[in-house]
Amino acid sequence: MAGLNAIPLNLPHACRVARRLLDFMVALERHHGRTYPEAMQAAGDLVNMLVQYDLADENPPAAEAREVVEAAAARAREFVVAIETYSLQSDRVGQWVRNLFECLEKSPEGLEISLRAGENPNSLQRP
């Protein structure tokens, strides 16, 4: 597991991944004709907390970055709980969750929590 945190912090890309999660939720709500408020709120919160770094296309100073990472990881965990609650897991969502945690320099946690979000444990995409 030594190389699992080899992916450097990338808050701009974390925002792009969070947007994919939000887009997924919007599409699901339209398709199913119902709402998933906790999942939608968590995905929206992730985008809102990360969008300034995507617009700047750079990470903030280290002290600010640590705070943002912890807040984003906490909200991403809540997103996964909501996905589980509504039984909305899928391989693609699991991959996005793993990617999000990788961008937050939390690859080991991402490998675990992505399975809860539906990633196929035998996926060739998994490290």
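The values are calculated or read from the model by the stated rules, or taken from the named source; none is laboratory data. Owing to the predicted nature of the structure, the values given are computational and were not obtained by experimental measurement. Every residue, glycine as well, gets a Cβ built from its backbone with ideal geometry; the counts of neighbours run over all protein chains shown.
For the condition touching a Pro at 6+ places or on another chain (Cβ under 9 Å), more than 24 Å from Tyr86 (Cβ to Cβ), surrounded by 11 or more Cβ atoms within 10 Å (Cβ to Cβ) and at pLDDT below 95, what is the one hit in Leu4, Leu11?
Only one candidate qualifies: Leu4.
Just a yes or no: is a residue in the stretch 41-52 surrounded by fewer than 21 Cβ atoms within 10 Å (Cβ to Cβ), outside any helix (DSSP H, G or I) and of a type outside the set (Lys, Arg)?
Within the stretch 41-52 (the criterion being surrounded by fewer than 21 Cβ atoms within 10 Å (Cβ to Cβ), outside any helix (DSSP H, G or I) and of a type outside the set (Lys, Arg)), the answer is no, since none of the residues qualifies.
Examine the stretch 61-77 for a residue that is surrounded by 14 or more Cβ atoms within 10 Å (Cβ to Cβ), on the phi < 0 side of the Ramachandran plot, in a helix (DSSP H, G or I) and of a type in the set (Asp, Glu), and state whether such a residue exists.
No; the residues of the stretch 61-77 include none that is surrounded by 14 or more Cβ atoms within 10 Å (Cβ to Cβ), on the phi < 0 side of the Ramachandran plot, in a helix (DSSP H, G or I) and of a type in the set (Asp, Glu).
Output the residue which, of all residues in the stretch 78-127 that are assigned to a helix (DSSP H, G or I) and of a type in the set (S, T, N, Q), is farthest from the chain's Cα centre (by Cα).
Out of the qualifying residues, it is Thr85.
Within the stretch 41-57, work out how many residues are more than 17 Å from Arg75 (Cβ to Cβ) and touching a residue at least 40 places away in the same chain (Cβ under 8 Å).
2
For the stretch 27-40, give me each residue that is in contact (Cβ under 8 Å) with a residue 12 or more places away in the chain and part of a helix (DSSP H, G or I).
Answer for the stretch 27-40, where residues must be in contact (Cβ under 8 Å) with a residue 12 or more places away in the chain and part of a helix (DSSP H, G or I): Leu28, Glu38, Ala39, Met40.
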